[in-house]
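Trainee: Take this structure, written in structure tokens, and hold onto it; I'll ask about it next.
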Amino acid sequence: RVLGLIAERRGDKQNALRMFQVAQRISESVRERFPPGDAGLTRAGFFARKAYVSEKIVELLLGEDRPAEALQALELAKARSLQDLLAARNLSADKRTPDLGQVLAKWPSDVAAVEYFLGAEQAHVFVVAPGGKVTAHLLRDKDGKPIVPRELIGRVRRILWDMEGQAGKMYDRLVARKGYDNSWQDDLHRLYHELLPESARKQLQGAKVVVVVPQHILHYFPFAALVTQTDSTR
């Protein structure tokens, strides 16, 4: 891990990727030495503290324009976390390593998927287009600047808070003859363009079903609430 960080600081991305991948393999080799409990230096706790290695691998693969491999690395990290969670609860888990290539080879021609990755500095959305092609898209704001994940998380949290009791607020305004307030659409319209940039939406063409795989705060966000086009009528 240290060698990977040094190589990354020097700008040697290829060597940094190799070192982080070695660190990941070493972590996997000592996996079984940790008990599957839920306290202390257990397996789940150990790998939770090493999660940044997987994040670095994903970021470096994205930087080299290798989206399918980056998605594979992201899914592998999730699979390991799920295995450890099930083991901690004494539930059986399939220990086979998921092969994204096999999944994509059988991907339906009318199904697409969008999967989010909120890293430390940048946010991306992976798109699996109908037929199985994988692309990755950097999330940007209206000015074209990369969105800072922590800023996005804070904004989504505020929107979720504002959604509470929204129907009651609208009713109170109408009863008080204050008119219909359309401003609630603005944040959701902005999020639509940020979470589903135009380059990503083009990859969804032809899909009858779109599977959304969120991350972090996005697990709590109702994607059906995104406003594709604002309505100014009252």
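The values are calculated or read from the model by the stated rules, or taken from the named source; none is laboratory data. Quantities reported herein were computed from a predicted structural model and do not represent experimental measurements. Virtual Cβ from ideal backbone geometry, glycine too; neighbours counted across all protein chains shown. To get the accessible areas, we keep the full protein, side chains included, count just its heavy atoms, and leave off ligands, DNA and RNA. Shrake-Rupley method; radii C 1.70, N 1.55, O 1.52, S 1.80 Å.
Trainee: Is there a pair in Lys142/Lys208; Lys78/Lys106; Lys106/Lys208; Lys106/Lys202; Lys142/Lys202; Lys13/Lys202 whose C-alpha atoms are over 26 Å apart, and which pairs would that be? Could the numbers behind the result be given before it?
Mentor: On the way: Lys142/Lys208 28 Å; Lys78/Lys106 21 Å; Lys106/Lys208 17 Å; Lys106/Lys202 21 Å; Lys142/Lys202 18 Å; Lys13/Lys202 30 Å.
Among Lys142/Lys208; Lys78/Lys106; Lys106/Lys208; Lys106/Lys202; Lys142/Lys202; Lys13/Lys202, the Cα-Cα distance tops 26 Å for Lys142/Lys208; Lys13/Lys202.
Trainee: Here's a follow-up. Please work out the FRET efficiency for the pair Val212 and Arg25, using the Cβ-Cβ distance as r and a Förster radius of 25 Å; give the result to the nearest 0.05. Intermediate values should be presented prior to the final figure.
Mentor: Working: r = 31 Å, r/R0 = 1.26.
That pair, Val212 with Arg25, gives E of 0.20.
Trainee: Any chance you could check the Cα centroid distance between the stretch 204-231 and the stretch 126-156 for me, in angstrom?
Mentor: 12
Trainee: Which sequence of Leu100, Leu191 reflects their accessible areas, 1.4 Å probe, from the largest down?
Mentor: Details: Leu100 25, Leu191 0 Å².
Order by accessible area, largest first: Leu100, Leu191.
Trainee: For Arg157 and Gln185 in the same chain, what is the full-extension length gain: residue separation times 0.36 nm, less their Cα-Cα distance, in nm? Intermediate results must be reported in sequence, preceding the final value.
Mentor: Values: separation 28, 0.36 × 28 = 10.08 nm, distance 1.59 nm.
Full extension from Arg157 to Gln185 adds 8.5 nm.
Trainee: Then there's this: Could you state how much accessible area Asp141 has, in square angstrom rounded to the nearest 10, with a 1.4 Å probe and all protein chains kept in place?
Mentor: Asp141 has an accessible surface of roughly 50 Å² with all protein chains in place.
Trainee: Leaving ligands and nucleic acids out of the surface, order Arg25, Arg9 by accessible area at 1.4 Å, largest first.
Mentor: Details: Arg25 155, Arg9 205 Å².
From most exposed to least exposed: Arg9, Arg25.
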